[in-house]
Amino acid sequence: EAGVVQSPRYKIIEKKQPVAFWCNPISGHNTLYWYLQNLGQGPELLIRYENEEAVDDSQLPKDRFSAERLKGVDSTLKIQPAELGDSAVYLCASSGGPYNEQFFGPGTRLTVL
Amino acid sequence: GESVGLHLPTLSVQEGDNSIINCAYSNSASDYFIWYKQESGKGPQFIIDIRSNMDKRQGQRVTVLLNKTVKHLSLQIAATQPGDSAVYFCAERTGGGNKLTFGTGTQLKVEL
């Protein structure tokens, strides 16, 4: 069974540029999460989707971050414009099994120059 | 606010020894705890979980202990192997919605 797929794995951009990350959750998982992980720290939730509905986006900086999950499967996370402080790993996770365990993708490492 | 934290940022053990990684949490309303292992360049990987109505849970070579009196969680790894080298995070769930709050992480280094 394929795990959570994320792309790109690495992205380097200059500040003020836009960037987008893509996530394909495990098949059948209705819940999708985007996390931000700074170096040496645990992941922090940005947004959680139940199917196509964002049910918790309280930690998403809405002035520059946006996310969508139009058909309730794949999701994209966008930053526009990117700032130096956005350099981090962006993790996607999904859940939906009987124990609701969250499975994480490998993440996208963003470097903003 | 409420938080989850780890006592030791780095733990070095000899191969074959047992490892103990500790975690303190402050939200007494948390009902579910998880330990994750994260290797370099990878996402966190589920190791073992425990519900708040339990004190101990065992898996393959791993044991999680929960002490609700002092709000302390520990992960014990038996016969630590080089492949156990990673950063370990504890996470807690409070309330509904499967929202997890992660601690800072402990780097486990296994010396040959």
Next item on the list: Please find, among A:Ala82, A:Ala93, the residue that is modelled with pLDDT of 95 or more, surrounded by 20 or more Cβ atoms within 10 Å (Cβ to Cβ), among the aliphatic types (A, V, I, L, M) and more than 23 Å from B:Ile34 (Cβ to Cβ).
Entry: A:Ala82
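Hey, does the range A:58-81 have a residue that's within 14 Å of chain B (Cβ to nearest Cβ) and without any contact (Cβ under 8 Å) to a residue 12 or more places away in the chain? Can you show your working first?
So the first thing to find is which residues in the range A:58-81 are within 14 Å of chain B (Cβ to nearest Cβ), and the list is A:58-60.
With without any contact (Cβ under 8 Å) to a residue 12 or more places away in the chain added as a condition, the list becomes A:58.
Looking for residues that are within 14 Å of chain B (Cβ to nearest Cβ) and without any contact (Cβ under 8 Å) to a residue 12 or more places away in the chain, one finds at least one in the range A:58-81, hence yes.
Quick one: would you say A:Gln102 is of a type in the set (S, T, N, Q), out of contact with any strand residue (DSSP E or B) (no Cβ under 7 Å at 6 or more places or on another chain) and either surrounded by fewer than 18 Cβ atoms within 10 Å (Cβ to Cβ) or facing chain B (nearest Cβ under 10 Å) (or both)? It would help to see each step written out before you state the result.
Details: of a type in the set (S, T, N, Q): yes; out of contact with any strand residue (DSSP E or B) (no Cβ under 7 Å at 6 or more places or on another chain): no; either surrounded by fewer than 18 Cβ atoms within 10 Å (Cβ to Cβ) or facing chain B (nearest Cβ under 10 Å) (or both): yes.
No: the conditions fail for A:Gln102.
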Next item on the list: From (1) at the interface with chain B (Cβ under 10 Å from one of its Cβ atoms); (2) under 19 Å from A:Lys11 (Cα atoms); (3) among the hydrophobic types (A, V, I, L, M, F, W, C); (4) touching a Phe, Trp or Tyr at 6+ places or on another chain (Cβ under 8 Å), pick out the condition that doesn't hold for A:Leu45.
Entry: (2)
Next item on the list: State all residues of the range B:10-63 that are basic (Lys, Arg) and free of Cβ contacts under 8 Å to residues at least 24 places away in the same chain; if no residue qualifies, say none.
Entry: B:Lys42, B:Arg51, B:Lys56, B:Arg57, B:Arg61
Margin query: Exactly one of these conditions fails for A:Leu36: (1) surrounded by 19 or more Cβ atoms within 10 Å (Cβ to Cβ); (2) over 11 Å from the mean Cα position of the chain (by Cα). Give me its number.
Written below: (2)
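Would you confirm, using the coordinates I've provided, whether B:Thr63 is farther than 22 Å from A:Tyr49 by Cβ, among the polar types (S, T, N, Q) and in contact with a Lys or Arg (Cβ under 7 Å, 6 or more places away or on another chain)? Walk me through how you get there before you give the answer.
On the way: farther than 22 Å from A:Tyr49 by Cβ: yes; among the polar types (S, T, N, Q): yes; in contact with a Lys or Arg (Cβ under 7 Å, 6 or more places away or on another chain): yes.
So B:Thr63 fits the description; yes.
Restricting attention to strands (runs of 3 or more DSSP E) lying wholly within the range B:5-112, give those where 1 or more residues are surrounded by 12 or more Cβ atoms within 10 Å (Cβ to Cβ), facing another protein chain (nearest Cβ under 9 Å) and more than 10 Å from the chain's Cα centre (by Cα).
Numbers: elements: B:10-14, B:19-25, B:30-38, B:45-51, B:56-58, B:62-67, B:72-77, B:86-94, B:100-102, B:106-111.
Ranges flagged: B:30-38, B:45-51, B:100-102, B:106-111.
The values are calculated or read from the model by the stated rules, or taken from the named source; none is laboratory data. Quick caveat: nothing in here was measured; it's all calculated off a predicted structure. FYI the Cβ positions are ideal-geometry reconstructions off the backbone, even for glycines, and counts take in every protein chain you see.
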